[in-house]
Amino acid sequence: EMLELVVIDGKAKGIIARNLETGELERHVADAVVLASGGYGKVYYLSTLAMGCNSSAIWRAHKKGAYMAGVSWIQFHPTSLPQHGENQSKLTLMSESLRNDGRIWVPKTAKDDRNPNIIPEEERDYYLERKYPSFGNLAPRDISSRAAKERIDAGHGVGPMKNAIYLDFSDAIKAQGKDKIEAKYSNLFAMYEKITGINAYKEPMLISPSAHFTMGGLWVDYELMTSIPGLFALGEANFADHGANRLGANSLLQACVDGYFIAPYTIPNYLASELNTPKNDISHPAFDEAEKAVRAQLDRFLNSKGTLSTDYFHKKIGRLLYEKCGLSRSKEKLEEALKEIKLLKESFEKDLLITGDDALNSELEKAGRIADYMELAELMCYDALQREESCGAHFREEYQTADGEAVRNDTDFCYVSAWEWKGKGHKPELHKEPLVFESVELAVRSYK
């Protein structure tokens with residue numbers, strides 16, 4: 001696992017990595033460094049990502065000088081399975097294709113515990129169809145996820161933890177026949193039944209929004225190079241392609257384009273300029289300095305005498321972000337979040353307990369990742385706080401129409417927010433990269 005970027009004469013020249021089986025620190029020298037480590041949605045704890053997915057590679061690069069851009073632009077997927085217990089962190093993603101035939105609804109009466117099959121039609125709120133008659137259940141992910149959370153927060157959530165909504169196929173089965181629905185979704189229905197024990201042909205699915213994809217990431221130029229020469233970021237690790245709201249399948253497209261069509265040409269182009277640069281090796285003082293910093297952090301974690309686990313802090317920062325820098329944000333919530341994150345960081349420093357040694361130790365690994373999440377969470381809140389508009393996945397409660405639709409401000413906020421790390425305890429510095437549209441005209445789409 002990469003734990004530090006090595007920069008020599010202002011250029012990326014290698015990394016410090018930790019062998020997860022032995023705990024040994026390793027030095028790797030390079031003429032260029034490529035990060036394709038994915039996104040940071042796991043900062044929310046509950047997400048569709050595996051526990052091993054984390055922000056550390058890009059965050060350590062950020063602290064060495066690489067800008068982070070669009071950091072608060074996070075996509076929440078509307079059709080994941082809800083959390084079924086406090087110790088669960090990985091949420092199963094159900095295919096969005098289910099929304100082609102499934103109808104989304106909640107009971108009109110809050111805290112309705114009846115079996116969904118006996119709730120009469122007139123007592124059901126098909127809220128997406130009601131609010132967005134043109135698109136209905138196929139409204140975009142940000143709108144669908146935000147609307148689901150609003151209904152859940154208002155007390156209309158369903159399921160054992162009251163944290164879900166219904167995705168109902170009964171009308172589609174009646175209209176098309178079970179055979180046709182089975183031909184389209186049999187694998188998904190089988191997977192759902194295996195996980196939940198519920199037969200979705202007979203009873204509505206339970207679904208819930210969850211953190212899924214990060215549109216933000218390391219700032220890169222058109223050659224996918226970050227603000228550190230020689231450091232490249234590919235795929236979800238960079239910010240480049242999606243703006244404030246990724247469209248379905250574009251993450252796969254970005255991975256293919258970055259990895260197959262761009263990087264194989266732009267990286268050699270950079271390396272050509274380095275042909276006459278003297279070669280370094282792992283004995284360079286920059287490697288000594290980087291490894292020393294990594295060892296110091298690991299020792300701090302191992303010597304911490306607290307009583308709280310890494311998961312405790314991960315859950316705390318995840319819940320805080322979900323409520324205050326998640327599907328909807330506000331100036332008040334974001335300012336509260338910044339204060340709470342500061343206190344949580346202080347608690348992490350003195351109350352963390354890591355058992356085991358510096359060899360094979362998953363708790364030690366998680367401690368480093370959560371330390372990075374704490375700092376990343378702060379930057380996410382700064383980014384969301386300065387963007388005083390609602391745009392795509394960034395929804396500020398102060399900037400909406402009377403009926404709850406996003407109000408974008410292209411006059412003042414038509415730029416990429418690129419952030420520079422200024423050191424521990426200092427506010428990050430914002431750099432604005434103007435967005436210039438030459439072939440298309442900026443417009444606001446209505447989903448009504």
Which residue pairs have Cβ atoms closer than 8 Å, lie 6 or more positions apart in sequence or on different chains, and pair a first residue in the range 210-231 that is assigned by TED's automatic domain parsing to the domain that holds S55 and within 18 Å of G65 (Cα to Cα) with a second residue that is of a type in the set (K, R) and surrounded by 24 or more Cβ atoms within 10 Å (Cβ to Cβ)? G230/K13
Among the residues of the range 288-303, what is the count of those that are buried (at least 17 other Cβ atoms within 10 Å of the Cβ) and under 17 Å from K345 (Cβ atoms)? 1
Return the residues of the range 422-443 that are touching a strand residue (DSSP E or B) at 6+ places or on another chain (Cβ under 8 Å) and either without any contact (Cβ under 8 Å) to a residue 24 or more places away in the chain or not acidic (D, E) (or both); say none if nothing qualifies. K422, P428, E429, L430, H431, K432, P434, L435
If you check A240 against the conditions, is it assigned by TED's automatic domain parsing to the domain that holds S328, without any contact (Cβ under 8 Å) to a residue 40 or more places away in the chain, under 30 Å from A57 (Cα atoms) and surrounded by 13 or more Cβ atoms within 10 Å (Cβ to Cβ)? yes
Considering only the range 333-389, how many residues are crowded, with 17+ Cβ neighbours inside 10 Å and in contact with a strand residue (DSSP E or B) (Cβ under 7 Å, 6 or more places away or on another chain)? 8
Filter the range 360-405 down to the residues that are of a type in the set (K, R) and not in a helix (DSSP H, G or I), then identify the one that is nearest to P78 (Cα to Cα). R396
Check whether at least one residue in the range 415-424 is under 30 Å from S134 (Cα atoms), among the polar types (S, T, N, Q) and at pLDDT 95 or above, and report yes or no. no
Residues located in the range 165-184, provided they are surrounded by 12 or more Cβ atoms within 10 Å (Cβ to Cβ) and small (G, A, S): S170, A172
Say we look at the range 58-96 and pick out the residues that are of a type in the set (G, A, S) and at pLDDT below 95; which of these is surrounded by the most Cβ atoms within 10 Å (Cβ to Cβ)? S89
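The values are calculated or read from the model by the stated rules, or taken from the named source; none is laboratory data. Quick caveat: nothing in here was measured; it's all calculated off a predicted structure. When we count neighbours, we look across all protein chains shown, and the Cβ atoms used for this are built from the backbone with ideal geometry, even at glycine.
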